[in-house]
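Let me begin by presenting the structure, written as structure tokens, before commenting on it.
The values are calculated or read from the model by the stated rules, or taken from the named source; none is laboratory data. Remember, predicted model here, so these are calculated numbers, not experimental data. Cβ placement follows ideal geometry from the backbone for every residue including glycine, while neighbour counts extend to all protein chains displayed.
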Amino acid sequence: MKLLRNAQVRNHLILYCVLSSGAAVLGFLLCRESGFLICILGAVFIVLYLMEMKKRYRHMEAFVSRVDAVLHGEEQICFSDYQEGELSLLRNEVVKLTVRLREQAEQLKKDKILLADSIADISHQIRTPLTALNLLTVSMRSQELTKEDRRVKLMEMSQLLERIEWQISALLKAARLDAGTVELEKQEISLKRLIEKAAEPLLISMELREQELLLNLSGNFCGDFMWTAEAVGNILKNCTEHVPAGGKISVTARENALYSEILISDTGEGFDTEDLPHLFERFYKGKNAGSQSIGIGLALARMIIVRQDGIIKAENQKDKGALFTIKFYKSVI
């Protein structure tokens, strides 16, 4: 009998038999009828105990089979027969555990798919400038090139290398944010200093294209200076790429009791209506995106801002051009 293989049941049964025998002996010493009654009651008690244990072990075997089925991929989990009791509590906890493990497995599966897609996108984005570099390298071998032609091609190669460097840097930053390895600081920062830092790398290119940067800056915000400057810089870079020569980019920063706000607008062509819901998706390229765009800058900006309890919204202005609204909310005590 399987039940008697269990040491705990076997020990309990021996104890009950000893106690029943002892009680029966005492009963026979007092009265023969009492001894027989005690023997019958002891036997009934032992039988009832064995029946209850057999029922419990049958439930446990069914439960173990169900857990095994779940671990082997069965999707259905039945709660209908769960009742009060220690075994039912155990079953409930195990079911919760299996559900959580299944959710984690699904998330890991999605992460693997996302990683594979990201690697494919990265390789595609880097392959394009590398192919152009290869073609330029081959053309540089020509003996017929003049010094001016060589100078132009060297400038093109330098621009392509800068593009690859920026792509890799942005992708690595996004990966660090995804992995949660970035510790963003919390410090009081001047919005004027932040915007000036973000715009600094773009001033030369804006000057060459005769683009005007209009600033109206005041107030502070609490966050990470360098990472936030990276986010704002990516948005400004997006504006410079879509504003024609002679255009304007305006930045307004202010603070109130609830949040610190940064408004970035330009005089470009604005966004296509179909692009607006997808602007901050990684590797998304809108209809008006330039040939140099890889769709990572705005996605990275959003990741940085959201990590600091902020929001970012993109929309078209009423007259013409794009408008980015960034808000960093203050902690409520």
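Is it true that E281 is free of Cβ contacts under 8 Å to residues at least 24 places away in the same chain, out of contact with any Ser or Thr (no Cβ under 7 Å at 6 or more places or on another chain) and acidic (D, E)? Yes: the conditions hold for E281.
Take R100 and tell me if it is within 30 Å of R66 (Cβ to Cβ) and in contact with a Phe, Trp or Tyr (Cβ under 8 Å, 6 or more places away or on another chain). Please lay out each step first, then the result.
Details: within 30 Å of R66 (Cβ to Cβ): yes; in contact with a Phe, Trp or Tyr (Cβ under 8 Å, 6 or more places away or on another chain): no.
Criteria not met by R100.
Each row is one residue, and each column tells you yes or no for (1) at pLDDT 90 or above; (2) outside any strand (DSSP E or B); (3) buried (at least 21 other Cβ atoms within 10 Å of the Cβ); (4) more than 22 Å from the chain's Cα centre (by Cα).
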position: A253; (1), (2), (3), (4): yes, no, yes, yes
position: L263; (1), (2), (3), (4): yes, no, no, yes
position: T273; (1), (2), (3), (4): no, yes, no, yes
position: P277; (1), (2), (3), (4): no, yes, no, no
position: F280; (1), (2), (3), (4): no, yes, no, no
position: G290; (1), (2), (3), (4): no, yes, no, yes
position: I304; (1), (2), (3), (4): yes, yes, yes, no
position: K318; (1), (2), (3), (4): no, yes, no, yes
position: F324; (1), (2), (3), (4): yes, no, yes, yes
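Against the numbered list (1) free of Cβ contacts under 8 Å to residues at least 40 places away in the same chain; (2) more than 22 Å from I126 (Cα to Cα), I262 comes up short only at (1). Among the residues making up region 224-257, a single one is within 23 Å of G295 (Cβ to Cβ) and touching a Lys or Arg at 6+ places or on another chain (Cβ under 6 Å): A229.
Check K153, K109, K96 and return the single one that is at pLDDT 80 or above, part of a helix (DSSP H, G or I) and under 29 Å from the mean Cα position of the chain (by Cα). Write out each step before concluding.
Numbers: K153 fails: under 29 Å from the mean Cα position of the chain (by Cα); K96 fails: at pLDDT 80 or above.
Checking each option against the conditions leaves just K109.
Evaluate the following for L194: is it surrounded by 11 or more Cβ atoms within 10 Å (Cβ to Cβ), at pLDDT 90 or above, under 27 Å from Y259 (Cβ atoms) and in the same structural domain as R307 (by TED's automatic domain parsing)? It would help to see each step written out before you state the result.
Numbers: surrounded by 11 or more Cβ atoms within 10 Å (Cβ to Cβ): yes; at pLDDT 90 or above: yes; under 27 Å from Y259 (Cβ atoms): yes; in the same structural domain as R307 (by TED's automatic domain parsing): yes.
For L194, the condition - surrounded by 11 or more Cβ atoms within 10 Å (Cβ to Cβ), at pLDDT 90 or above, under 27 Å from Y259 (Cβ atoms) and in the same structural domain as R307 (by TED's automatic domain parsing) - is met.
Screening L214 with (1) surrounded by 13 or more Cβ atoms within 10 Å (Cβ to Cβ); (2) in the same structural domain as E261 (by TED's automatic domain parsing) gives one miss only, at (1).
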